[in-house]
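Step one of this worksheet: look at the structure below.
Derivation of every value follows stated rules applied to the coordinates shown; laboratory data play no part. Just so we're clear, the structure is a prediction, and the values are computed from it rather than from any experiment. Cβ: placed from backbone, ideal geometry, glycine included. Neighbour counts: every protein chain shown.
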Amino acid sequence: MNKLLFWLLAFLLTGCAPAVVPLPIPQTGDLTSLSLATIKSTGPVAVAANGSLLAWSDSALTLYDLATGQQKVLFKKAVDALCWSPDGRYLAAVSTHENQSRLQVYDSRGQRVFEAGFAGRVVRLIWPQQNQLLAGALTYKSYRFGTHIKGRLIEWDQQWRQSEVPLFETTIKPSTAKRLAGQLYKTFDFDLSPLADEVLYTRLYAPPAFEARRYLILHNLQTKEEKRIGVLPLLRGKGRLTREGESVFVSDGLQRIKRLNLWSLKVQHQWAGNTFAYDAGSDLLATETGLYRGQQLLSPLPAGSLTEFSTGGKYLSVIWNRHLYLVSGYPVPVEPAITGVKREKLQKLRRLRSRKLIEPEEYLQARKRLLQ
């Protein structure tokens, strides 16, 4: 019986639509999945670190309190990016109109506490530490000879002071800009290393007489040195830096998710799929079909799942079959972050490596001694 007929029969017999289908995953051990809400369209989702609050955007920005089941509309329009502060006290959201973006920050009660406007369209918003909120923004302006694009990071500190880190700017040929049209901003994406010293970002390159390409690039924020990691399709694929900062997850848009060594670029592991979520704090990976730690499958997920971790990886939001679920209870390892003198020394080693002043083998040996 097809799905449409099932819904029609359910409505005729009961006068209402059928109940939401539970997420089809094994309910084993402490693993649980909670059905939250039906969504109108696929948009960003963000779960607070303690799992008590969740926000999502379809036609509006909604805050969901898991303890009470109450929903509150914070903004009556869709937003482009969402994230929670590491302590779960604040929710950041960015909406865009034409080539201008607006950041809105709410407290856990849904009260707006900060707002700021800036040029460009935001592709991703992350809150890596309590005193650092980052947005990746792409600005563009069209001319007769081509379209000028500029990718940059916009940063706010704990006092909401704003600063910028330029990553690239270039001019692309008119035919490429016309082909991408309103999706041009999707060519830019970024991720910050756990040591906060390197940025992985995507850059569109389309000068006259050359084929349009989108590169995945590693950028050292302290030395400004860069390393090209690979080439991705123009509108698909992304990269995320792993916890130890020596490898990267890459989706290539060809139904492959690879874990690559950042320096040899050799494939360490591979999974099927085009989309994934990764949490560096727990080293957990969620693909379209499964939740993993390394190569170990913690739980299968239904094909086509769209996922996002809470900070620390303890909770996983899943969008499947136009419904939003929250998965928890899977094992989440706790590994201490590298801080203090060790962090500073490791950053120095990475600066030397970015400038190619030490060989990869020397770097790895020095890193191993430092972390012992």
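A compact table of results
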read-out: D (Stokes-Einstein, µm²/s), Kirkwood Cα radius, the chain, 0.890 mPa s at 25 °C; value: 111 µm²/s
read-out: Inter-probe distance in nm under a simple model that places probes 7 Å from Cα toward Cβ, at V21 and A209; value: 5.5 nm
read-out: Reach of K368 by Cα under 28 Å, taken over lysines that are not fewer than 8 positions away in the same chain; value: K224, K227, K258, K266, K342, K345, K348, K356
read-out: Debye, to nearest 20: dipole size of the range 59-165, +1 on Lys, Arg Cβ, -1 on Asp, Glu Cβ; value: 400 debye
read-out: The chain, relative contact order in percent, only Cα pairs under 8 angstrom and at least six apart counted; value: 12 percent
read-out: Within-14-Å neighbourhood charge of G312 [Cβ basis; K, R +1; D, E -1]; value: -2
read-out: Contact order normalised by residue count of the range 206-307, Cα under 8 Å, 6+ apart, percent; value: 14 percent
read-out: Sparse-neighbour loop sites [trypsin sites (Lys or Arg not before Pro); the range 116-208; at most 10 other C-beta within 10 Å; DSSP]; value: R144, R161
read-out: Most positive-pole-ward Cα, Q100, L34, A286, against dipole of the chain from beta carbon charges; value: Q100
read-out: Given charges at beta-carbon only (K, R positive; D, E negative), |dipole| of the chain in Debye; value: 1020 debye
read-out: Computed [θ] at 222 nm, deg cm²/dmol, the chain (DSSP H ≥ 4; -39,500 (n - 2.57); rounded to nearest 500); value: -4000 deg cm²/dmol
read-out: Within the range 238-372: Cβ-based charge dipole about Cα centre, in debye rounded to nearest 20 (Lys, Arg +1; Asp, Glu -1); value: 580 debye
read-out: Radius 12 Å from Cβ of S95, net charge of other residues (Lys, Arg +1; Asp, Glu -1); value: +1
read-out: Cut-off of 10 Å, at most 12 other beta carbons, DSSP loop: longest stretch of the chain lacking such GluC sites (Glu not before Pro); value: 212-372
read-out: Local electrostatic count at T38 - Lys and Arg +1, Asp and Glu -1, tallied over other residues with Cβ under 14 Å; value: +1
read-out: Restricting the range 131-201 to chymotrypsin sites (Phe, Trp or Tyr not before Pro) in coil, as DSSP defines it, with at most 14 other Cβ within 10 Å; value: F145, W160
